[in-house]
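Asks: Before anything else, here's the structure in question.
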Amino acid sequence: MWTAALGGALALVIATQTVQTRACDPQSTPSPSPAPSPAPAPSPTPAPTPGPAAEVFTTADGVRFRAESIVTNLVVPWSMSFAPDGRLFVTERPGRVRIIDAAIRQSEVALTLDDVFAQSEAGLLGMALDPEFSQNRWVYLYYTARVGSGAVNRLVRYREAGTRLGERAVLLDNVPAAGIHDGGRVRFGPDGLIYITAGDAANTRLPQDLSSLAGKILRINRDGTTPRGNPFSGPIYSYGHRNPQGMDWHPVTGDLWASEHGNTGNDEINVIDAGANYGWPTIEGSAQMSGMRTPLMTYSPAIAPSGASFYRGTLFPRFANNLFVATLRGNHLLRLIPEGTNRRVASQERLLDGRFGRLRDVTVGPDGALYVLTNNQDGRGSLTSGDDRILRLVPVT
Ligand SMILES: [Ca+2]
């Protein structure tokens, strides 16, 4: 079980790794082999109390929490998922999957992709674990693959055994890719189907073209086939997107909320309905047009919203059903408080504002804590010692 003591132990896990060069230049980003260096023995009895680096924050409604840095020196981490046994799976954009095991206080590289197109915003992006992971050990990855002189995005499935990923199967292939706007988030919906955010691959003709998978939110079965209930004949679930990178379902209403990068500002939070058109590039931001959806929230200047999760735990009662969004350029964790079960936001605030730099993903752990990934090595950030890291937010009484 994930406890405060074990969380504290994880701070030691990857601390011996070398900080890598920035990922903006793929030529200078060799595989950062997490050298099994003659590491010092892990601290046998990690203190359950945070070190002096843990900083206390207070929300507008008086919730006090501290941010503990539990894992450091990751290389452009992009997505994280907890397994039912408490292990934390993390992708790194250059092409690695790490499994962080709290019980044995160890991080292992479970997979290194050898055909990843890791340039600019592209590379190994989203990940999801099967809802029945305890039985089937399936791990789903979305990544940009080098194909000939070009690249495509694809969804692949692996089976985890002994902290290694094998038995690869390609479930969805040839989603248009580019150095930018690859979307990349993968999540299972409450309907048990796989949802994927696909960016416009830097081609504004594609989001309104229903013959292309670019600029869409996609929905497929676990075996890669098209669900019977999809609005069109293929994987497309919604269209007219520019570069959506975060999504989660409201715990009460079941509505799918998604974050999307706009063009020079005009970042969006939308509620996604099957078959709906979200406007890009015809309209953006708060603009309106018949037959197209206007976002719930828009942000100019850009905050660059990425991973998003509704709060479902009990550790922070005041956060129930709030949506948390990791922002890159915004350098904060955005908290949106929905207006009950309406498709409206009652209030919002910026947490961790400017304190940890760029943030890529946020999820709720089995312990009810919020876990946040930094993204300061992605070529656009300012590195501080220990980047990139996983932050754990826990209440302070
Ligand atoms: Ca839009």
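Asks: Is it the case that some residue within region 176-194 is away from the ligand (no atom under 16 Å from the Cβ), farther than 25 Å from Pro131 by Cα and of a type in the set (Val, Ile, Thr)?
Replies: yes
Asks: With at pLDDT 95 or above and touching a Pro at 6+ places or on another chain (Cβ under 8 Å) as the only criterion, which of Leu323, Leu359 stands out?
Replies: Values: Leu359 fails: touching a Pro at 6+ places or on another chain (Cβ under 8 Å).
Going through Leu323, Leu359 in turn, just one is at pLDDT 95 or above and touching a Pro at 6+ places or on another chain (Cβ under 8 Å): Leu323.
Asks: Before we move on, is Arg164 without any contact (Cβ under 8 Å) to a residue 40 or more places away in the chain and more than 29 Å from His250 (Cα to Cα)?
Replies: Values: without any contact (Cβ under 8 Å) to a residue 40 or more places away in the chain: no; more than 29 Å from His250 (Cα to Cα): yes.
No.
Asks: Still on this structure, I have one more. Do you know which residues across region 261-282 are assigned to a strand (DSSP E or B) and either closer than 11 Å to Lys216 by Cα or of a type in the set (A, V, I, L, M) (or both)?
Replies: Of all residues in region 261-282, those assigned to a strand (DSSP E or B) come to 267-272, 277.
Across region 261-282, the qualifying residues are Ile269, Val271, Ile272, Asn277.
Every residue, every condition in (1) under 19 Å from Ser81 (Cα atoms); (2) over 21 Å from the mean Cα position of the chain (by Cα); (3) of a type in the set (A, V, I, L, M); (4) outside any strand (DSSP E or B), yes or no:
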{"site": "Ala169", "(1), (2), (3), (4)": "no, yes, yes, no"}
{"site": "Asp173", "(1), (2), (3), (4)": "no, no, no, no"}
{"site": "Thr197", "(1), (2), (3), (4)": "yes, no, no, no"}
{"site": "Ala214", "(1), (2), (3), (4)": "no, no, yes, yes"}
{"site": "His241", "(1), (2), (3), (4)": "no, no, no, yes"}
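Asks: Go through region 293-353 and tell me which strands (runs of 3 or more DSSP E), entirely inside it, have 2 or more residues that are more than 21 Å from the chain's Cα centre (by Cα). So that I can check it myself, show each step before the final result.
Replies: Details: elements: 297-299, 305-310, 323-327, 333-338, 345-351.
Where strands (runs of 3 or more DSSP E) fall fully within region 293-353 and carry at least 2 residues being more than 21 Å from the chain's Cα centre (by Cα), they are 345-351.
Asks: Is it the case that some residue within region 225-233 is closer than 17 Å to Asn270 by Cβ, hydroxyl-bearing (Ser, Thr, Tyr) and without any contact (Cβ under 8 Å) to a residue 60 or more places away in the chain? Can you show your working first?
Replies: Filtering region 225-233 for residues closer than 17 Å to Asn270 by Cβ gives 231.
Filter once more, keeping what is hydroxyl-bearing (Ser, Thr, Tyr): none.
No: region 225-233 contains no residue that is closer than 17 Å to Asn270 by Cβ, hydroxyl-bearing (Ser, Thr, Tyr) and without any contact (Cβ under 8 Å) to a residue 60 or more places away in the chain.
Asks: Condition first: within 18 Å of Glu339 (Cβ to Cβ) and buried (at least 22 other Cβ atoms within 10 Å of the Cβ). Now tell me which residues in region 244-257 satisfy that. Show your work before the answer.
Replies: First, pick out the residues of region 244-257 that are within 18 Å of Glu339 (Cβ to Cβ): 248-257.
Once the filter is applied, which keeps residues that are within 18 Å of Glu339 (Cβ to Cβ) and buried (at least 22 other Cβ atoms within 10 Å of the Cβ), region 244-257 yields Asp248, Leu256, Trp257.
Asks: Can you report the number of residues in region 272-306 which are within 9 Å of the ligand (Cβ to nearest atom), of a type in the set (A, V, I, L, M, F, W, C) and free of Cβ contacts under 8 Å to residues at least 24 places away in the same chain?
Replies: The total comes to 2.
Asks: Then there is this: Run Met127 past the list (1) crowded, with 21+ Cβ neighbours inside 10 Å; (2) over 19 Å from Phe188 (Cβ atoms); (3) in contact with a Ser or Thr (Cβ under 9 Å, 6 or more places away or on another chain) and report the number of the one that doesn't hold.
Replies: (2)
Asks: Assess whether Asn266 counts as being without any contact (Cβ under 8 Å) to a residue 40 or more places away in the chain, of a type outside the set (A, V, I, L, M, F, W, C), near the ligand (Cβ under 9 Å from one of its atoms) and at positive phi. Steps first, answer last, please.
Replies: Working: without any contact (Cβ under 8 Å) to a residue 40 or more places away in the chain: yes; of a type outside the set (A, V, I, L, M, F, W, C): yes; near the ligand (Cβ under 9 Å from one of its atoms): yes; at positive phi: yes.
Considered against the rule, which asks whether it is without any contact (Cβ under 8 Å) to a residue 40 or more places away in the chain, of a type outside the set (A, V, I, L, M, F, W, C), near the ligand (Cβ under 9 Å from one of its atoms) and at positive phi, Asn266 comes out as yes.
Asks: Please state which of the following conditions Leu256 fails to meet, knowing it meets all the rest: (1) touching a Lys or Arg at 6+ places or on another chain (Cβ under 7 Å); (2) more than 8 Å from the ligand (Cβ to nearest atom); (3) not small (Gly, Ala, Ser).
Replies: (1)
Asks: Restrict the check to region 133-156 and report whether at least one residue is of a type in the set (Ser, Thr, Tyr), assigned to a strand (DSSP E or B), touching a Gly at 6+ places or on another chain (Cβ under 7 Å) and surrounded by fewer than 23 Cβ atoms within 10 Å (Cβ to Cβ).
Replies: We begin by selecting, within region 133-156, every residue of a type in the set (Ser, Thr, Tyr); these are 134, 140, 142-144, 149.
Okay, now just the ones that are also assigned to a strand (DSSP E or B), so 140, 142-144.
Now narrow it down to the ones that are touching a Gly at 6+ places or on another chain (Cβ under 7 Å): 142-144.
Now restrict to residues that are surrounded by fewer than 23 Cβ atoms within 10 Å (Cβ to Cβ): none.
Within region 133-156, not a single residue is of a type in the set (Ser, Thr, Tyr), assigned to a strand (DSSP E or B), touching a Gly at 6+ places or on another chain (Cβ under 7 Å) and surrounded by fewer than 23 Cβ atoms within 10 Å (Cβ to Cβ).
Asks: For a quick check of your reading of the model, give me the residue pairs whose first member lies in region 122-146 and is within 11 Å of Ala83 (Cβ to Cβ), whose second is at pLDDT 95 or above and part of a helix (DSSP H, G or I), with beta-carbon atoms closer than 7 Å and at least 6 apart or on different chains.
Replies: Asp130/Asn136
Asks: Of a type in the set (A, V, I, L, M), modelled with pLDDT of 95 or more and closer than 25 Å to Pro235 by Cα, is that true of Ile303? Even if it seems obvious, please write down each step before you answer.
Replies: Working: of a type in the set (A, V, I, L, M): yes; modelled with pLDDT of 95 or more: yes; closer than 25 Å to Pro235 by Cα: no.
No; evaluated as a whole, the condition is false for this residue.
The values are calculated or read from the model by the stated rules, or taken from the named source; none is laboratory data. None of these values were measured; they are calculated from a predicted model. Counting neighbours? That spans all protein chains shown, and the Cβs are built from the backbone with ideal geometry, glycine included.
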